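For reference, the structure discussed in these notes is given below.
Taken together, the values in this text are just the output of simple stated rules run on the coordinates, not laboratory data. These numbers were taken from a predicted model, which means no experiment stands behind them. No Cβ is skipped: glycine too gets one built from the backbone with ideal geometry, and neighbour counts run over all protein chains shown.
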Amino acid sequence: MYTGTVRVGGGPDVRELEHLTITKVAVDERMSNNCYLLTCRDTGEQVLIDAADSAETLLPLIGADGLAAVVTTHQHWDHHRALADVVSATGAAVVAGAPDADEITAQTGVPVTWPVEDGDTVAVGSCTLEVIRITGHTPGSIALLYDDPAGHPHLFTGDSLFPGGVGNTFGDDAAFATLLDDVESKIFGRLPDETWFYPGHGDDSTLGAERPALPEWRKRGW
């Protein structure tokens, strides 16, 4: 039974959907980043969301089936420390939001082969992830939506949305307003309560569980 609760040094948590397998693992004791390996159950093709750290953990999960792409949700250093090693070992394409792409390359030495914009799609075999641009935590942060044809939507939010609030904007009031506006309009304004979301750190939640708190988040300013 998938719970979405993982701990650094522990095993992954695996969710089997009809067409897609989601494998969640936590890496790095200090930052406790979540990494998500998505595997198409029809074709075996795989995509990794955030090669955050610990290639020695990620590469055995990827295994012999290889990796089509690594999607980096945003430019912050803790979300791409294993990017170079994973790409070197697998030959995977590198996907990131266009406004963050140059900074990711500057920090990692890895070229972003596919800078994406709002509304672009990333294939995982026969499954499709839709790119949703969420500006505020960084200029080019992206979320990835898998609208499961056999169930409810699944949303990978990076550091833009967590249980209990939006991502850190480091005291920048304008960035906070932009981030919350995007989260409200592009996520809560569009997707149903049963949407399950998977953040860049910590446990998962659903939009229905978080929706009542949106006015409180805006009032408190973080």
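Worth a mention:
- Hypothetical label at Asp65: residues of the stretch 152-167 whose amide nitrogen lies under 20 Å (7 Å Cα-Cβ projection): 154-156
- Per-residue Cβ neighbour rank within 10 angstrom, fewest leading, Phe170, Phe162: Phe170, Phe162
- Globularity index of the stretch 14-69 is 1.11 (Cα radius of gyration / 2.2 N^0.38 Å, N = number of residues).
- Restricting attention to the chain, close to 70% of DSSP beta bridges with both partner residues there are antiparallel.
- Among residues other than Ala174 with Cβ under 15 Å from its Cβ, the summed charge is -3 (Lys and Arg +1, Asp and Glu -1).
- Converting phi to 3J(HN,Hα) with the Karplus coefficients 6.51, -1.76 and 1.60 and the offset θ = phi - 60°, the stretch 41-54 yields 6, 8, 10, x, 5, 10, 9, 9, 9, 6, 7, 5, 5, 6 Hz in sequence order, with x at every glycine or proline.
- Cβ-derived FRET efficiency at R0 30 Å, Ala213 paired with Ala89, nearest 0.05: 0.15
- The share of C-alpha pairs in the chain whose separation exceeds 33 Å stands at 8 percent.
- Take the Cβ atoms of Trp114 and Trp77, set R0 to 22 Å, and the FRET efficiency comes out at 0.60.
- Percent of alpha-carbon pairs separated by more than 14 Å within the stretch 134-222: 60
- Between amide H atoms placed 1.01 Å from N, distances below 5 Å from Asn33 occur with Val27, all of them 5 or more places distant or on a separate chain.
- The phi-based Karplus calculation (6.51 cos²θ - 1.76 cosθ + 1.60; θ = phi - 60°) puts the 3J(HN,Hα) values of the stretch 213-222 at 8, 4, x, 5, 4, 5, 5, 6, x, 7 Hz, whole numbers, x for Gly and Pro.
- Spatially, the stretch 1-67 and the stretch 193-222 are offset by 22 Å when compared through their Cα centroids.
- With K and R counted +1 and D and E -1, the other residues having a Cβ less than 13 Å from that of Thr206 yield a net charge of -4.
- Table column - 3J(HN,Hα) (Hz), the stretch 123-137, Karplus curve with 6.51, -1.76, 1.60, x for Gly and Pro: 7, 10, x, 7, 9, 10, 9, 9, 7, 10, 6, 10, 8, x, 5
- Each Lys and Arg Cβ is given +1 and each Asp and Glu Cβ -1; about its Cα centre, the chain then shows a dipole of about 280 debye.
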